[in-house]
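Please read the structure below before turning to the comments.
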Amino acid sequence: MSCPQGSVPAITLSAATFAPQLTHGTTFRAGSYQITLRGVVANETTEPIDVRAVTAWVGGRPWQPRIAVSHVVPAQGSVWIVLTGSFRSSRPQRADVRTELAWQWRSAVLRPCGEEGLIQDN
């Protein structure tokens, strides 16, 4: 079997909105925030993928936003992703937001390949 090639599929965030605004653009104060993140799920491989799940953290704590994303990402393509939700900061802290993508090959025949042969694209 010939496994797909390319970079490991990943989420790239390109815009973030916080209401109220962050202190100095980087720090939460104690209080409640509405957060909207926008970006893409990029698939730079030679085969389509299925998005299985997206996990998010704010300040190292699990965050449960509403997630809007197509569940199929074409080969050498990308789809928009939008995460929206509220977050309560109990203290001043840096606005550290992270996401993780769980995915699998669209073709069941390729699923045994996993991430074999793919490269991490930092």
field: Net charge of Cβ neighbours under 14 Å - reference residue 75; Lys, Arg +1; Asp, Glu -1
entry: -2
- request: Compute the FRET efficiency between residue 1 and residue 55 as 1/(1 + (r/R0)^6), taking r as their Cβ-Cβ distance and R0 = 30 Å, and round to the nearest 0.05.
  value: 0.55
query: Once the mean 1/r over all distinct Cα pairs of the chain is inverted, what Kirkwood radius in angstroms do you read off?
result: 15.6 Å
query: In the stretch 54-122, which GluC sites (Glu not before Pro) fall in coil by DSSP and have 12 or fewer other Cβ atoms within 10 Å?
result: 116
field: Under 12 Å, Cβ to Cβ, from residue 60 - net charge with Lys/Arg +1 and Asp/Glu -1
entry: +2
task: Mind listing the long-range amide H neighbours of residue 8? Cut-off is under 5 Å, sequence gap 5 or more, other chains count too, H placed in the peptide plane at 1.01 Å from N.
output: 119, 120, 121
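Read-outs: derived from the displayed coordinates by stated rules, not from any lab. All figures in this text were calculated on a predicted structure; none of them were measured in a lab. Cβ sites come from the backbone with ideal geometry, for glycine too, and all protein chains shown count toward neighbours.
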